[in-house]
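The block underneath contains the structure these notes are about, expressed in structure tokens.
The values are calculated or read from the model by the stated rules, or taken from the named source; none is laboratory data. Just so we're clear, the structure is a prediction, and the values are computed from it rather than from any experiment. Note: ideal-geometry Cβ built from the backbone for every residue, glycine included; neighbour counts use all protein chains shown.
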Amino acid sequence: MLDRRYHVRSRIAHGGMATVYLATDTRLDREVALKVMHADLARDAEFVSRFIGEAKAVAQLSHQNIVAVFEGTGYRARTIKIAEQPAANPDAYRQK
């Protein structure tokens, strides 16, 4: 359980700046993707600022080919973005 809300089910992808997990939002009973910044990067204030800025920018967009961002939060000195999990295409989160 992450942040007493998200039940992590599996890892979807791992990249240079973060790992993405498939989880269940236990409050709203929906699948989400959690993008969790790597701990070493979370110590870099400038990087955290860019990570949060990216989440804010994407949260303003609405398009069928863009994953919706629901929330950005901090958990145990890491920054997390919570996004919808498109059940039909989990590969959308995999880095190419």
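Does ASP29 satisfy the condition of being exposed (fewer than 11 other Cβ atoms within 10 Å of the Cβ), at positive phi and not small (Gly, Ala, Ser)? When the stated conditions are applied, ASP29 passes them. Only residues that are assigned to a loop (DSSP other than H, G, I, E, B), at pLDDT 65 or above and surrounded by 16 or more Cβ atoms within 10 Å (Cβ to Cβ): list them for the range 52-96, please. Correct list: VAL67 only.
Evaluating ALA45 against the criteria (1) modelled with pLDDT of 85 or more; (2) touching a strand residue (DSSP E or B) at 6+ places or on another chain (Cβ under 7 Å); (3) hydrophobic (A, V, I, L, M, F, W, C) leaves one unmet condition, (2). Every condition in (1) among the hydrophobic types (A, V, I, L, M, F, W, C); (2) touching a strand residue (DSSP E or B) at 6+ places or on another chain (Cβ under 8 Å); (3) more than 20 Å from MET1 (Cα to Cα) holds for LEU61 except the one numbered (2).
The residue that is surrounded by the fewest Cβ atoms within 10 Å (Cβ to Cβ), counting only those in the range 1-21 that are in contact with a helix residue (DSSP H, G or I) (Cβ under 6 Å, 6 or more places away or on another chain) and among the β-branched types (Val, Ile, Thr), is ILE12.
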